[in-house]
Amino acid sequence: MNIHQAREFTIKRVKETLDYFYDCFPSEQSENYIYKKFKNVSWTTGFYEGLLWLAYEWTGNESIFKSAKHHSRLFGKRLDENIELDHHDMGFLFTLSSVADYKITGDETAKKDGIRAADKLMARYRPDVKFIQAWGDMKDPKSCRFIVDCLLNIPLLFWAGEITGDTKYRDAAVNHMNTAVKYIIRPDFSTHHTFFFDPKTKLPLRGETHQGYSDTSAWARGQAWAVYGLALCYAYTRDEGLLEYFDGVTEYFISHLPKNYVPYWDLIFTDGSGEERDTSAAAVAVCGILEMEKHRPRGDFKAAADKMLCALCEAYTTEGMDSNGILKEGMYSKKHGHKSECNTWGDYFFAEALMRAENPEWKKYW
């Protein structure tokens with residue numbers, strides 16, 4: 001399957017699921033490659049909404065548009081009722097729903113929902129340590145930490161700053177970005193998954209993993225979050241100081257890929273390890289490399305991204321399988337007992353990577 005065929009297959013899968021998921025969302029991860037119906041309560045539901053908008057942009061299909069708008073309203077309802085929003089994943093949820101809706105349709109309600117979501121994210125910003133706390137009660141000293149994933153959430157703040165003219169959003173995003181660059185990236189450009197601070201002294205404590213193999217290894221998807229997150233931060237800030245870090249984390253990711261260019265779930269593993277892969281990590285990294293390619297082209301990175309995407313298209317789609325997912329062999333969290341399956345973020349970022357590959361001028365939702 002080539003990139004064009006993978007795009008057509010993705011559209012076909014989306015159309016097949018429109019009725020089934022019309023009033024709900026796919027579960028975070030499939031079981032035996034089948035997503036079950038799921039309420040809008042997870043950090044992952046925005047990925048299905050983003051997939052709908054990509055499919056609509058590809059096709060102009062009225063049924064896909066109707067579903068995308070319906071799900072966008074469900075995100076507005078989630079804000080109204082404050083359902084499971086006390087965490088940092090507002091970007092994963094609302095950039096791909098409300099913000100995407102506004103960018104594509106100009107819907108003022110969607111814009112207001114995006115700004116409301118940014119305000120929810122701002123409520124987790126800690127000016128004392130200059131980062132957005134990932135999880136937990138803001139007064140709990142054991143929860144004073146941020147995670148690498150949040151580099152994909154702060155674009156919501158950059159967008160809100162641009163759309164409202166209020167500098168508080170951008171200031172918080174830049175501060176979080178600088179803290180992440182300083183503490184979550186190791187000297188060899190591998191990344192910690194999460195980093196703790198002492199809430200009393202405001203001093204850095206330690207880096208740990210939550211989903212990686214160990215505190216000293218590099219969780220594959222976390223490294224990919226850094227690749228894409230830094231590319232997005234550069235797109236908003238044009239901070240030349242970020243380029244060294246983007247190059248470093250990207251070189252680390254690429255240099256630890258196995259022969260077929262699809263990483264294992266932690267970059268400590270190599271061919272022959274017998275470990276499971278994480279196709280979603282490859283899809284995220286491809287998006288990051290292709291984003292930076294618009295601003296500062298680099299041939300070796302682009303070549304690696306092309307090889308990763310081609311590998312996903314050729315060997316890792318669910319074509320011919322009894323499945324309602326798109327990309328197989330994605331790993332949610334091996335440490336928490338998950339198996340290699342389809343997951344909604346893998347499907348979304350694979351589709352975004354296809355969009356970027358075929359249309360380098362695509363206007364991103366982030």
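The values are calculated or read from the model by the stated rules, or taken from the named source; none is laboratory data. All values derive from a computational prediction rather than experimental measurement. As a convention, Cβ positions derive from the backbone with ideal geometry for all residues, glycine included, and neighbour counts pool all protein chains shown. Side chains included, ligands, DNA and RNA excluded: accessible areas come from the protein's heavy atoms. Shrake-Rupley method; radii C 1.70, N 1.55, O 1.52, S 1.80 Å.
Scanning the stretch 32-50 for residues that are in contact with a Lys or Arg (Cβ under 9 Å, 6 or more places away or on another chain) and either of a type outside the set (S, T, N, Q) or open to solvent by 50 Å² or more (accessible area, probe 1.4 Å) (or both) returns 33, 41.
I need a count of the residues in the stretch 170-196 that are β-branched (Val, Ile, Thr) and open to solvent by 10 Å² or more (accessible area, probe 1.4 Å). Total satisfying the criteria: 4. Name the residue, out of 69, 168, that is of a type in the set (Lys, Arg) and farther than 26 Å from residue 38 by Cβ. So the residue among 69, 168 that is of a type in the set (Lys, Arg) and farther than 26 Å from residue 38 by Cβ is 168. Against the test of being under 19 Å from the mean Cα position of the chain (by Cα) and not β-branched (Val, Ile, Thr), the options 290, 243, 257 yield a single qualifying residue, 290. Evaluate the following for residue 179: is it within 14 Å of residue 267 (Cα to Cα), among the hydroxyl-bearing types (Ser, Thr, Tyr) and in a helix (DSSP H, G or I)? Here the answer is no, as residue 179 does not meet what is asked.
Each residue in the stretch 132-165 was checked for being closer than 20 Å to residue 221 by Cβ, open to solvent by less than 10 Å² (accessible area, probe 1.4 Å) and either in a loop (DSSP other than H, G, I, E, B) or in contact with a helix residue (DSSP H, G or I) (Cβ under 6 Å, 6 or more places away or on another chain) (or both), and 9 pass.
Against the criterion of being open to solvent by 50 Å² or more (accessible area, probe 1.4 Å) and not in a helix (DSSP H, G or I), residue 239 qualifies. Restricting attention to the stretch 111-147, the residues that are more than 20 Å from the chain's Cα centre (by Cα) and among the polar types (S, T, N, Q) add up to 1. Scanning the stretch 197-208 for residues that are out of contact with any Phe, Trp or Tyr (no Cβ under 9 Å at 6 or more places or on another chain) and either free of Cβ contacts under 8 Å to residues at least 24 places away in the same chain or open to solvent by less than 20 Å² (accessible area, probe 1.4 Å) (or both) returns a single hit, 201.
Taking residues in the stretch 141-159 that are of a type in the set (Gly, Ala, Ser), and partners anywhere that are assigned to a loop (DSSP other than H, G, I, E, B), the pairs with Cβ atoms closer than 8 Å and at least 6 places apart or on different chains are 143/133; 143/134; 143/135; 143/136; 143/137. Could you say whether any residue in the stretch 54-72 is closer than 26 Å to residue 143 by Cα, β-branched (Val, Ile, Thr) and either assigned to a loop (DSSP other than H, G, I, E, B) or open to solvent by less than 30 Å² (accessible area, probe 1.4 Å) (or both)? Looking through the stretch 54-72, none of the residues is closer than 26 Å to residue 143 by Cα, β-branched (Val, Ile, Thr) and either assigned to a loop (DSSP other than H, G, I, E, B) or open to solvent by less than 30 Å² (accessible area, probe 1.4 Å) (or both). Put simply, of 315, 311 the only residue that is in contact (Cβ under 8 Å) with a residue 12 or more places away in the chain, among the small types (Gly, Ala, Ser) and surrounded by 16 or more Cβ atoms within 10 Å (Cβ to Cβ) is 311.
Test residue 22 against the criterion of being touching a helix residue (DSSP H, G or I) at 6+ places or on another chain (Cβ under 7 Å), touching a residue at least 24 places away in the same chain (Cβ under 8 Å) and part of a loop (DSSP other than H, G, I, E, B), and give yes or no. It is true that residue 22 is touching a helix residue (DSSP H, G or I) at 6+ places or on another chain (Cβ under 7 Å), touching a residue at least 24 places away in the same chain (Cβ under 8 Å) and part of a loop (DSSP other than H, G, I, E, B). Of the set (1) in contact (Cβ under 8 Å) with a residue 24 or more places away in the chain; (2) farther than 18 Å from residue 332 by Cα; (3) open to solvent by 10 Å² or more (accessible area, probe 1.4 Å), all apply to residue 211 but (2).
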